[in-house]
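> Could you have a look at this structure, given as structure tokens, before my questions?
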Amino acid sequence: MKASVLKVSLLASIMMISAASLAADKGLLAIITPSHDNPFFKAEADGAQEKAKALGYTTLVASHDDDVNKQNQLIETAIARKAKAIILDNAGADATVGPVQKAKDAGIPTFLIDREINKTGIAVAQIVSNNYQGAQLGAEKFAKLLNGKGDYVELLGKESDTNAGVRSQGYHDVLDDYPDLKMVAQQSANWSQTEAFSRMETILQKNPNIVGVISGNDTMALGAEAALKAAGKTNVIVVGFDGSDYTRDSILNKGNIKATVLQPGWDQAQMAVEQVDYYLKNGKAQKEEKQLMDCVLIDDSNASKLKTFKLAQ
């Protein structure tokens, strides 16, 4: 008798656990970003995945490596697997419009983070850092570090990426007001540390007397720093953009990198998932489509508080 009661109780417990598991599984969220070799994009993916799991979703995490065709295949996969929504840091402002429209036509909403696309009304949200505001913060610090004079170099991001142009414009709207600051080279390193190292090697051969490098992201800043160190130029000042732990360490260890600009990638990704959850529950967007998040200057005064693209309070 006792054995029968025990079996019934055990079966009831298993059924309750199974029911709870099913209730917690709200469906699949596709999280698609550029390469996780870049710590910023990895932080985005990790932040989105953490929040999705906490809210009861399963996840499909993938990287398009800034390859439009690969991105399109991943979006097709999300559609085929009937994902509830897509969190996307896209591979091109123009090239992504069609795939996002296709997902929308299939009933799958897209929530963009970090990078905008050149059309509104097809994504539910476009949550991006205020790149212009952040770039101005970085440029003001750069000018101050250089005492407003000297020859400098700018490393640009991927030219098809809207953020690259916005950051460069923000830099120049500050730096061009300093008559004694002269840009002697401006080259794209496509957000790549390896390319930045190579570009800096070449630039230094023609411009050995530069005093500063301002970079469109931290990955390129690190490549520039490595090239400068290899050339024995430990006094050339570098300013980056993103707020990575690697640049934090350079700042704290008195390396070439003296400052960066934190864009809240982790918080953006988690906010996007929260907005997905609201949308799926309520059938409407929680906020307006275009959403800007301000950036924060990171230097030796607050670098110790930075970790995984978050600034401790």
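The values are calculated or read from the model by the stated rules, or taken from the named source; none is laboratory data. These numbers were taken from a predicted model, which means no experiment stands behind them. With ideal geometry, Cβ positions are generated from the backbone for all residues, glycine too; neighbour counts draw on all protein chains shown. Remember, those area values only see protein heavy atoms, side chains included, never the ligands or the DNA or RNA. Shrake-Rupley method; radii C 1.70, N 1.55, O 1.52, S 1.80 Å.
> Out of 187, 263, 270, report the one residue that is closer than 30 Å to residue 56 by Cβ, in contact with a strand residue (DSSP E or B) (Cβ under 9 Å, 6 or more places away or on another chain) and among the polar types (S, T, N, Q).
Values: 187 fails: closer than 30 Å to residue 56 by Cβ; 270 fails: in contact with a strand residue (DSSP E or B) (Cβ under 9 Å, 6 or more places away or on another chain).
Within the list 187, 263, 270, the selection yields 263.
> Sticking with this one: In segment 164-188, which residue that is touching a helix residue (DSSP H, G or I) at 6+ places or on another chain (Cβ under 6 Å) and of a type outside the set (Ser, Thr, Tyr) is nearest to residue 218 (Cα to Cα)? Working first, answer last.
Taking segment 164-188 as the starting set, the residues that turn out to be touching a helix residue (DSSP H, G or I) at 6+ places or on another chain (Cβ under 6 Å) are 166-167, 170-171, 174-175, 178, 181, 185, 187.
Retained after the next criterion (residues that are of a type outside the set (Ser, Thr, Tyr)): 166-167, 170, 174-175, 181, 185, 187.
Values: 166: 16, 167: 13, 170: 16, 174: 20, 175: 19, 181: 22, 185: 18, 187: 15 Å.
So the residue we want is 167.
Table: residues versus (1) modelled with pLDDT under 95; (2) part of a helix (DSSP H, G or I); (3) open to solvent by less than 10 Å² (accessible area, probe 1.4 Å).
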{"residue": "30", "(1), (2), (3)": "no, no, yes"}
{"residue": "46", "(1), (2), (3)": "no, yes, no"}
{"residue": "49", "(1), (2), (3)": "no, yes, no"}
{"residue": "56", "(1), (2), (3)": "no, no, no"}
{"residue": "61", "(1), (2), (3)": "no, no, no"}
{"residue": "66", "(1), (2), (3)": "yes, no, no"}
{"residue": "70", "(1), (2), (3)": "no, yes, no"}
{"residue": "73", "(1), (2), (3)": "no, yes, no"}
{"residue": "79", "(1), (2), (3)": "no, yes, no"}
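> Given the condition surrounded by 16 or more Cβ atoms within 10 Å (Cβ to Cβ) and in a strand (DSSP E or B), answer yes or no: does some residue in segment 172-183 qualify?
Step one: filter segment 172-183 for residues surrounded by 16 or more Cβ atoms within 10 Å (Cβ to Cβ), giving 172, 174-175, 178, 181, 183.
Add one more test, that the residue is in a strand (DSSP E or B), and what stays is 181, 183.
Checking segment 172-183: at least one residue is surrounded by 16 or more Cβ atoms within 10 Å (Cβ to Cβ) and in a strand (DSSP E or B).
> Quick one: how many residues across segment 128-162 are farther than 19 Å from residue 184 by Cα and outside any helix (DSSP H, G or I)?
Adding up the residues that qualify gives 7.
> Also: Would you point out the residue of segment 102-129, among those that are touching a residue at least 60 places away in the same chain (Cβ under 8 Å) and surrounded by fewer than 17 Cβ atoms within 10 Å (Cβ to Cβ), that is nearest to residue 182 (Cα to Cα)?
120
> Follow-up. Looking at segment 209-249, which of its residues are of a type in the set (Ser, Thr, Tyr) and more than 25 Å from residue 307 (Cβ to Cβ)? Before you say what the answer is, go through the steps one by one.
The first filter runs over segment 209-249 and keeps only residues of a type in the set (Ser, Thr, Tyr), leaving 215, 219, 234, 244, 246-247.
The answer is 234, and nothing else.
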